[in-house]
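Take a look at the structure set out below.
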Amino acid sequence: MAASASSAVNLSIKPTRTSLSWKLHLASTSAFAVSPRLANRHYPRFVIFSMGAKPTVLVAEKLGEAGVNLLKEFADVDCSYNLTPEELCTKISLCDALIVRSGTKVSREVFESSGGRLKVVGRAGVGIDNVDLAAATEHGCLVVNAPTANTVAAAEHGIALLTAMSRNVAQADASVKAGKWLRNKYVGVSLVGKTLAVMGFGKVGSEVARRAKGLGMHVIAHDPYAPADRARALGLELVSFDKAIASADFISLHMPLTPATNKILNDETFAKMKKGVRIVNVARGGVIDEDALVRALDAGIVAQAALDVFTVEPPKDSKLVLHENVTATPHLGASTMEAQEGVAVEIAEAVVGALNGELAATAVNAPMVPAEVLSELKPFVALAEKLGKLVVQLVAGGSGVKSVTVTYGSARAPGDLDTRLLRAMITKGLIEPISSAFVNLVNADFTAKQRGLRIAEERFLLNGSPESPLEFIQVQISSVTSKFASALSNSGEIRVEGKVKDGIPHLTKVGSFEVDVSLEGSIILCRQVDQPGMIGKVGSILSEGNVNVSFMSVGRIAPRKHAVMAIGVDEQPSKESLKRIGEIPAVEEFVYLKI
Ligand SMILES: NC(=O)c1ccc[n+]([C@@H]2O[C@H](COP(=O)([O-])OP(=O)(O)OC[C@H]3O[C@@H](n4cnc5c(N)ncnc54)[C@H](O)[C@@H]3O)[C@@H](O)[C@H]2O)c1
Ligand SMILES: O=C(O)[C@H](O)COP(=O)(O)O
């Protein structure tokens, strides 16, 4: 894969930020006290941590007690319900995490108002259409949800609405309470033998399908992304959208609200349905054009509708809700005691895990990297960030970094190496030293794109054992000038390469020079005429300046020609020491790099 140029971005070198703010990096220990139950998980941790204080979690909607208790073991928990948007924006700057259900709009303003402190939004449920995901990602805020605990509750509510609607339970109940006895008016329709089209064959849809089959219905499903074998396993057929809506006696909606599903039931699609079709919606109100549904009900195309969800919740002065053939519930799909306890625990664990650095399995806007993959990539993650940091400091001020190529040398088969994490850390290394941006796994790709920085990845397939995921990582920046000309490869790119040795990241190549210096502390790269006494001269200047040398390595093209010396230093040399190194006659160029 070749790197291709994209729009220019001029990155000026600024001092590296000291991180009083949250950091995203791998660490073996946790910054926060964790409940024994959570501490038992042995994941490498992406610590997004503060300075040892307990994090603050704002719970903005009622959450099951078990979840709140779990959060309290780890964080200061502020349960403040029914906040206005303005109150939420004010409070959020004091919070590290926010937990909501579907009733709170987590808008761009919320992320902007957080001043960078908000690091996790937990959605205690499935649908994340009330969270501005793009804004979350841009602000480096992880969004996690609780996708499984309310599935059965939602499916049961779907079935409850289906059966209640077909037998007019709600309308009949209201009439009895009004003192009427209308046995002829409320004659229903049977379900057995009728065709039910399940639209969206995911978690809830498949549970509804299973239950509807138990009621003797003929079930078909439409889902462009569902595997056919999952449908076959339940003994039903996946069909096209048009076939589903045209052949159904009942339609049950179970797809997420996305730009593609927004108002997917509209005048045009209602016109294609069987006259007298009945519709259940426990997904999201927005998948139906509500005005069109009123028209379809009035025209008798739709005989009845049972709705748990609405475009605007709660609906106001809604003709639809008041329609006599509509049964409405106030978004109760997930509202069983069992589901709410389950969701609360599921989201509390996800939020605590995320605050504590684990890559959440239910992350919505970040790659989900399995724990085993994380574990084996851990030393390479550190290498990736350090190489990124190093290479960008080799760029001469004023050169715009546009195009970076990362080459992974590995004996693993292509496709058997998940590089998203490594790419994110290289991006972090490239961007953070030269900007005030905070880059993490969530926003790395976005931040790179926003800066017009294109990062192309290549694989170099090595012979040998694929036991280790990687042999080396090489990072190249093209179309720039370097402040250390020896870092340029023969083809003119700034190039550095590194390996992991005994678990420690090492720099092993600079331009065409082989070196070997551990990437701890900082580094002086120095090009000189290869001659005796050079190591001693540089070493004594550093020791006179009280700078401890941790590592030294010389790479040369041929004896007595040019050599590049890489010196690892524990302390930052003074300007005077650096000046004296530059004045050694055989030294042709040198650079001091912070890592
Ligand atoms: N009423 C409630 O209280 C309640 C409770 C739980 C879930 N929900 C909602 O139910 C919906 C489904 O939840 P889930 O947990 O089953 O989600 P899911 O992700 O498991 O399933 C959604 C399915 O919809 C499919 N889909 C996507 N686009 C589609 C399209 N254009 N046409 C047809 N299918 C499409 C997906 O492939 C997926 O299989 C979500 O909108 C969720 O928010 C509501
Ligand atoms: O998407 C969901 O999980 C459901 O719509 C439930 O929403 P709720 O948590 O607001 O009940």
- Inspect all residues belonging to segment 208-216 and state whether any of them is touching a helix residue (DSSP H, G or I) at 6+ places or on another chain (Cβ under 9 Å) and in contact (Cβ under 8 Å) with a residue 60 or more places away in the chain. no
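Taking the conditions exactly as written (farther than 28 Å from LEU430 by Cα, aliphatic (A, V, I, L, M) and outside the structural domain of ALA396 (by the TED database)), does ILE567 satisfy them or not?
no
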- ALA146 within 16 Å of ligand 1 (Cβ to nearest atom) and either polar (S, T, N, Q) or within 25 Å of VAL280 (Cβ to Cβ) (or both): yes
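Table: residues versus (1) in the same structural domain as SER403 (by the TED database); (2) aliphatic (A, V, I, L, M); (3) touching a Leu at 6+ places or on another chain (Cβ under 6 Å).
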| residue | (1), (2), (3) |
| --- | --- |
| ARG459 | yes, no, no |
| LEU462 | yes, yes, no |
| THR481 | yes, no, no |
| SER489 | yes, no, no |
| ILE494 | yes, yes, yes |
| ILE524 | no, yes, no |
| ARG527 | no, no, no |
- Restricted to segment 130-142 and to residues being outside any loop (DSSP other than H, G, I, E, B) and surrounded by 24 or more Cβ atoms within 10 Å (Cβ to Cβ), the residue farthest from ligand 1 (Cβ to nearest atom) is LEU142
- Residue in segment 128-173 that is farthest from ligand 2 (Cβ to nearest atom), counting only those that are charged (D, E, K, R) and under 30 Å from VAL439 (Cβ atoms): GLU138
- Within segment 441-459, the residues that are at pLDDT below 85 and within 15 Å of LYS119 (Cβ to Cβ) are LEU441
- Query: Somewhere in segment 344-364, is a residue within 16 Å of ligand 1 (Cβ to nearest atom), modelled with pLDDT under 95 and either among the hydroxyl-bearing types (Ser, Thr, Tyr) or assigned by the TED database to the domain that holds VAL169 (or both)?
  - Reply: yes
- Within segment 87-110, can you find the residues that are buried (at least 16 other Cβ atoms within 10 Å of the Cβ) and within 16 Å of ligand 1 (Cβ to nearest atom)? VAL100, ARG101, SER102, THR104, VAL106
- Query: In the list LYS449, LYS428, which residue meets the criterion of being in a helix (DSSP H, G or I) and without any contact (Cβ under 8 Å) to a residue 12 or more places away in the chain?
  - Reply: LYS449
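Would you list the strands (runs of 3 or more DSSP E) that sit entirely within segment 202-286 and hold 2 or more residues that are among the basic types (Lys, Arg)? Even if it seems obvious, please write down each step before you answer.
Values: elements: 218-222, 250-253, 277-281.
Because the criterion is at least 2 residues that are among the basic types (Lys, Arg), no strands (runs of 3 or more DSSP E) in segment 202-286 meet it.
Can you tell me which residue within segment 91-127, out of those that are assigned to a helix (DSSP H, G or I) and of a type outside the set (Phe, Trp, Tyr), is nearest to ligand 2 (Cβ to nearest atom)? Please lay out each step first, then the result.
Step one: list which residues in segment 91-127 are assigned to a helix (DSSP H, G or I), which gives 91-92, 108-113.
Right, trim to of a type outside the set (Phe, Trp, Tyr) and you get 91-92, 108-110, 112-113.
Numbers: LYS91: 20, ILE92: 19, ARG108: 21, GLU109: 21, VAL110: 17, GLU112: 24, SER113: 23 Å.
Checking each candidate, the answer is VAL110.
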- Task: Identify the residue in segment 364-391 that is β-branched (Val, Ile, Thr) and more than 13 Å from ILE426 (Cα to Cα) and, among all such residues, is nearest to the chain's Cα centre (by Cα).
- Result: VAL364
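Per-residue answers, yes or no, for (1) touching a residue at least 12 places away in the same chain (Cβ under 8 Å); (2) closer than 19 Å to LEU293 by Cβ; (3) buried (at least 18 other Cβ atoms within 10 Å of the Cβ); (4) more than 16 Å from ligand 2 (Cβ to nearest atom):
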| site | (1), (2), (3), (4) |
| --- | --- |
| HIS222 | yes, yes, yes, yes |
| PRO227 | no, no, no, yes |
| LEU236 | yes, no, yes, yes |
| ASP249 | yes, yes, yes, yes |
| LEU257 | yes, yes, yes, no |
| LEU265 | yes, yes, yes, yes |
| ALA271 | yes, yes, no, yes |
| LYS274 | yes, yes, no, yes |
| VAL280 | yes, yes, yes, no |
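The values are calculated or read from the model by the stated rules, or taken from the named source; none is laboratory data. None of the values given here were measured: they were computed from a predicted structure. Note that we place each Cβ from the backbone using ideal geometry, even for glycine, and neighbour counts take in every protein chain shown.
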